[in-house]
Amino acid sequence: MTSPLPDDSVLAERGLPPEAAGRVLLIACGALAHEILALKRRNGWDHLDLQCLPANLHLWPDRIPDAVEAAVTEHRDHYESIFIVYADCGTGGLLQARCEALGVEMVEGPHCYAFFEGVAAFLDRAETEFDAFYLTDFLVRQFDAFVWRPMGLDRHPQLRDMLFGNYRKLVYQAQLDDPALDAKARDCADRLGLAYERRLTGYGDLEPALAKAAKGEFSAKIPGAR
């Protein structure tokens, strides 16, 4: 039975350990825990196990490749295959290179905003939407922890126009059709002084990526795995 999901602050700071109850391990960002577990339930992917690394690694993207490697090294002897549920996420190609060296595969795309919207659709918009600031469900719920406080806006609100002066709108990529999250996202836009747009993206490219992992269409069987 799947354990209760920790709250967002735990996912942000500590992540989620695997249950050792599957053949395929997903090593993911804590910001994706809700979505991955929802897709597991919806599709009956009981053979997928999930480990989440702390979501706050996104505040220091250079730390992500080492954290992923440590998780792969720790668990690779206990699973038939491992799939990394991160996009590039600001690592400048370093995560992709590390995954290739480790013999594991990862989600395609520059970041979760792209794969939630669909990488092709997101890249099509890129030239005309360079002035958009994006939030997902997790980032709406954790706006203060991941945006407001790290940028110093809680202490120096005058920094807002300097930091966000080149942005025109906040785009909320909604995974769930939740009026409460919509209202909170709109408030985030107001606090940043940006126009507001909501897009109900659902899970985008995340679901087909996990479907391939579930079918064993990604990484080959790990040498020495069970």
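Structural remarks
- Sorted on the mean count of surrounding Cβ atoms within 10 Å across their residues, most packed first, peptides 106-114, 173-181 read 106-114, 173-181.
- Total charge dipole magnitude, the chain, about the Cα centre, Cβ charges on Lys, Arg, Asp, Glu only, Debye to nearest 20: 200 debye
- Positive-pole candidate from L5, P110, A33, dipole of the chain, charges at beta carbon: L5
- Sites H47 and E197 - FRET efficiency at Förster radius 35 Å, r taken between beta-carbons, to 0.05: 0.35
- The peptide list 45-53, 119-127, 66-74, put in order of mean Cβ contacts within 10 Å with the highest first, becomes 45-53, 66-74, 119-127.
- Sum of -39500 (n - 2.57) over DSSP H runs of 4+, divided by residues of the chain (222 nm, nearest 500): -10000 deg cm²/dmol
- Inter-label distance, nm, simple model (7 Å from Cα along the C-beta direction), K212/T73: 2.8 nm
- Förster radius 41 Å - calculated FRET efficiency between A121 and E19 (Cβ-Cβ, nearest 0.05): 0.75
- Taking K40, K212, K169 as the candidate residues, the one with maximal mean-square fluctuation in a Gaussian network model of the chain, Cα springs under 10 Å, is K212.
Quick note: the coordinates plus some simple rules give every number you see, no bench work behind them. Just so you know, these numbers come straight off a predicted model, no measurement behind them. Glycine gets a Cβ as well: all are built from the backbone with ideal geometry, and neighbour counts include every protein chain shown.
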